[in-house]
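The values are calculated or read from the model by the stated rules, or taken from the named source; none is laboratory data. Bear in mind that the values here come from a model prediction, so they are computed numbers and not experimental data. Cβ: placed from backbone, ideal geometry, glycine included. Neighbour counts: every protein chain shown.
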Amino acid sequence: MYHNPVLLKQSVDDLVTNPDGIYVDCTFGGGGHSREILERLSDKGKLFSFDQDLDALKNTIDDPRFTLVNQNFRFMENSLLMYGISQVDGVLADLGVSSHQFDEAERGFSTRSNAPLDMRMNVMQSLDAKKVINEYEEEDLADLFYHYGELREARKLAREIVHHRKTKSIETTEDLKKLFSYIPPHKVNKFYAQLFQAIRIEVNQELEVLKEMLVQAYNILKPEGRLVVISYHSLEDRLVKRFLKNGMFEGEPERDIYGNYKKAFELLKSKAIIPDDKEIEENSRARSAKMRTGIKV
Ligand SMILES: C[S@@+](CC[C@H](N)C(=O)[O-])C[C@H]1O[C@@H](n2cnc3c(N)ncnc32)[C@H](O)[C@@H]1O
């Protein structure tokens, strides 16, 4: 199976309020969420879905109401304008990589298989994991391990990589893992997960594109339009939570003339929604999911 969609009913229940409306699915993947959205739309409704991965295109849906755009969602606003769309009723994003991307060993996302250091969701882009590991300055590597992998020993890891690559370039996921064979067995899985997450976020500029997408979603949503985001790690969730609360990512939120914080969205529920035990049992990827829904004010 290409991908088992997470929080499928809950997310689409939150998203679709107007069956005749125009909706955007930023992360088409296997098309699970897109199919569910189409189920809820009338003949007049429309759905535009984005995915930057060529592999996702084979899952396209043959439906006159549906358009699949092979683009990074950071270009959502302009891409929609090309179809004459400037306002929409709802935007959904189910972030991160699909199970298919993890399962295709040669793409280098999985910590379990040996593969070339790649990790690009869009295979047309030039930055890949090999470049990050072999060409980044030591300080930049340390920063990304610290900020994106939340690895406390970031400086040491970066030093070890830079020392090793002076004699031999680091070509594969196994080459990289071998450098850290001293990590105790009970810590190694978590360590590799954090290390790979950091590299993946950098290769795909995941936090930057998320910020761009959130701002564009706000711009194109009609008043009362819904933004639904499912995220899989705290770095993403923090950005989503902050943006839905204050319409910004850092600094002091703006106040209106009465001194109240300006609001971009009303939160549909005050707490993030997480999958129930049954869903987590059936789909381990659901384990770390958090969903937040904002209604544009
Ligand atoms: C978690 S999967 C989505 C699964 C989908 N909801 C489903 O039901 O099958 C994420 C998908 O979004 C794509 N993706 C991630 N970031 C993207 C971006 N910045 N622009 C476009 N597509 C992106 C990935 O290539 C992947 O196919």
Single residue of segment 7-21 satisfying the filter (surrounded by 24 or more Cβ atoms within 10 Å (Cβ to Cβ) and not small (G, A, S)) that is nearest to V88 (Cα to Cα) = L15
Those residues of segment 180-195 which are free of Cβ contacts under 8 Å to residues at least 24 places away in the same chain and closer than 19 Å to M119 by Cα amount to K190
Unique match (being closer than 29 Å to F145 by Cβ, within 18 Å of the chain's Cα centre (by Cα) and outside the structural domain of Q87 (by TED's automatic domain parsing)) among R242, R200, R287, R292 = R200
Taking S99, is it within 14 Å of the ligand (Cβ to nearest atom) and either out of contact with any Cys (no Cβ under 8 Å at 6 or more places or on another chain) or on the phi < 0 side of the Ramachandran plot (or both)?
-> yes
Candidates F50, F66, F73 - the one that is crowded, with 20+ Cβ neighbours inside 10 Å, modelled with pLDDT of 95 or more and either touching a Leu at 6+ places or on another chain (Cβ under 6 Å) or not assigned by TED's automatic domain parsing to the domain that holds K241 (or both) | F66
If you go through segment 1-24 one residue at a time, how many are closer than 16 Å to I295 by Cβ and of a type outside the set (A, V, I, L, M, F, W, C)?
-> 8
Select from segment 268-284 the residues that are of a type in the set (A, V, I, L, M, F, W, C) and within 20 Å of the chain's Cα centre (by Cα) and write down the one among them that is farthest from H233 (Cα to Cα).
-> I280
Within segment 102-114, the residues that are away from the ligand (no atom under 15 Å from the Cβ) and either in contact with a Lys or Arg (Cβ under 7 Å, 6 or more places away or on another chain) or not in a loop (DSSP other than H, G, I, E, B) (or both) are A105, E106
If we scan segment 80-95, do we find a residue that is within 30 Å of G225 (Cα to Cα) and not assigned by TED's automatic domain parsing to the domain that holds G225?
-> no
Sole residue being surrounded by 12 or more Cβ atoms within 10 Å (Cβ to Cβ), within 14 Å of the ligand (Cβ to nearest atom) and among the polar types (S, T, N, Q), chosen from Q194, Q205 | Q205
Enumerate the helices (runs of 4 or more DSSP H) found wholly within segment 198-297, keeping only those where 1 or more residues are within 26 Å of L157 (Cβ to Cβ) and touching a residue at least 60 places away in the same chain (Cβ under 8 Å).
-> 206-220, 234-246
